[in-house]
Amino acid sequence: MRRRLRKRFIPILCLPFVAAGVLIFNSLKPKETKVIIWTDQNCFASYAELFNTTQNDYQVIIKYKENLAEVFPADSGSQPDIVIGPWLKNEKVRKNFMPLDFLFKKEKLLAKDFYPQLLDLGNMQDKQYLLPVSFNLPVIIFSDENEKLIEDSFVLSISQIRDLASAFNKRNKKNVYTAMGFSPVWNADFMYVVSKLFGANYTEAEPLFSFNKENIEKSIAYLKEWSYEVNTNPEAEDEFQFKYLYEPAYKLVNSGKCLFCYTKTDYLFKLPTDRLQNLNFRWIEQDQKIAVSDKLIYMGVYRGTKNKAGASAFITWFLNGKTQESLLERSASQNLTMPTFGISDGFSSLRAVNEKYLTKFYPQLYGHVPTAEFLSVPNILPAKWEDIKQQVIIPYLKEASRKKDGDAEPKDLEARMKDWLKQNY
């Protein structure tokens, strides 16, 4: 009887030693130190280099991936810990990330530090899967000598751009334009921005994307009216552009031939300082909203990461105001041959970085840093949105706004969408 009892109790008595052995074994396992980042943002090579020199726990390795949203996740081979780039919010890609709410619960990150609209866009079903990195804005530029014509020191509405451009127009005795303030057809992306500000509401949806047809038609009517009522007709705009507008935008507005040119911040603020001299700018506004450019940069942690702790360490280091001030200083001191603007080629997703630090490196932004209440972010869009925009939406806006009475109706967006799908899938 005593022998049976002894046998029965031996395993129970050994359990603490087994558990201790497991703990000892786990403590002896080497800690994962490598953090693999997939990105199409070249500047993260410099960011990773700085991170690796500021601590000894982890080593970030950057792997450049073109067309990031289309190649992640890979069917086979190694996977990343962190993914950084555009178009990560679409349905196909976003399911591959883990929620990052734990970073906020532990107060490693604070929601109040971000632009709320950008943070909300990375939130799905009340979980924060993606964190915003950077964004850009469309902008109207003009010569310093014409600033006296602009009443508002911060924004220009679409109607103000039109009215000021109209007043700038000049013709010779032969009724030929010698100066033309601005035409929407000179830059197709401006037409697209107008459609967004008029409520086009482009959104990822089956079979490709959805839109507000009525509001797009309103924007087309407005653009068409602009061409015919302000600049005579599209042909006159084309002729003027061919004759005079063959130099870069920063030169054109100083030529006296046009009042305004359209561009975006990731182009404007990469120009050398001497080319920014005598230039001024305003944000394009409609109903007190500035349309944020579609190509937003986000970061997420792959749900199959092998180094969650390392990924968290890099993210919390990067999304810190003082860190980003150091990154701006580093970029300025390196005098790169391929310059970037701000943080990851745009405004930082952290408000304080733009308000406190960015103006030190880009003095033209002093008094012009966008405030959160003005920003209107795009909806979730397909991974190939840039191609779709250039091949489907913009051709439609161009053709529809140039249509004359009696012309055949241009192919509508639904038909163009179907054509694009046939060619690309």
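Things worth noting here:
- For the chain, with +1 on Lys and Arg beta carbons and -1 on Asp and Glu, the positive-most of Pro132, Trp283, Val369 along the dipole: Pro132
- Across the range 165-182, coupling constants 3J(HN,Hα) worked out from phi with the 6.51/-1.76/1.60 Karplus curve, θ = phi - 60°, read 5, 4, 5, 7, 4, 9, 10, 8, 5, 8, 6, 9, 5, 10, 8, 9, x, 5 Hz, and Gly and Pro carry x.
- Two-site FRET efficiency, Tyr267 against Glu399, from Cβ-Cβ distance with R₀ of 35 Å, rounded to 0.05: 0.85
- Estimated FRET transfer efficiency (Arg303, Ser255; beta-carbon r; R0 41 Å; 0.05): 0.15
- Among 169-180, 141-152, the peptide with the highest mean count of other Cβ atoms within 10 Å heads the list, and the full ranking is 141-152, 169-180.
- Close amide H contacts of Ile290 (hydrogens built in the peptide plane, cut-off under 5 Å, sequence separation of 5 or more or a different chain): Leu375, Ser376.
- The label point for Ser166 and the one for Glu386, both projected 7 Å from the Cα toward the Cβ, are 3.7 nm apart.
- Under 15 Å from the Lys95 label point (7 Å along Cα→beta-carbon), backbone N, the range 115-159: 125
- Whole-Hz ³J(HN,Hα) from phi, Karplus 6.51 cos²θ - 1.76 cosθ + 1.60, for the range 95-109, glycine and proline x: 5, 8, 10, 9, x, 10, 4, 4, 5, 7, 5, 8, 6, 6, 10
- For the range 295-350, with +1 on Lys and Arg beta carbons and -1 on Asp and Glu, the positive-most of Ala332, Ile343, Ser312 along the dipole: Ser312
- Taking all Cα pairs closer than 8 Å and separated by 6 or more residues, the relative contact order of the chain comes to 25 percent.
- Rounded Å value of the spacing that divides the Cα centres of the range 82-108 and the range 141-189: 43 Å
- Amide H to amide H distances under 5 Å link Ala179 with Lys170, where only residues 5 or more positions off or on other chains count and H is placed in the peptide plane.
- Karplus 3J(HN,Hα) series, Hz, for the range 127-144 with 6.51 cos²θ - 1.76 cosθ + 1.60 (x for Gly, Pro): 10, 8, 8, 10, 10, x, 10, 7, 8, 10, 10, x, 8, 9, 10, 7, 6, 4
No lab work stands behind these numbers, since they all come straight from the coordinates. Not measured: the values here are computed from a predicted model. Quick reminder, even Gly has a Cβ in these numbers, built from the backbone with ideal geometry, and neighbours come from all protein chains shown.
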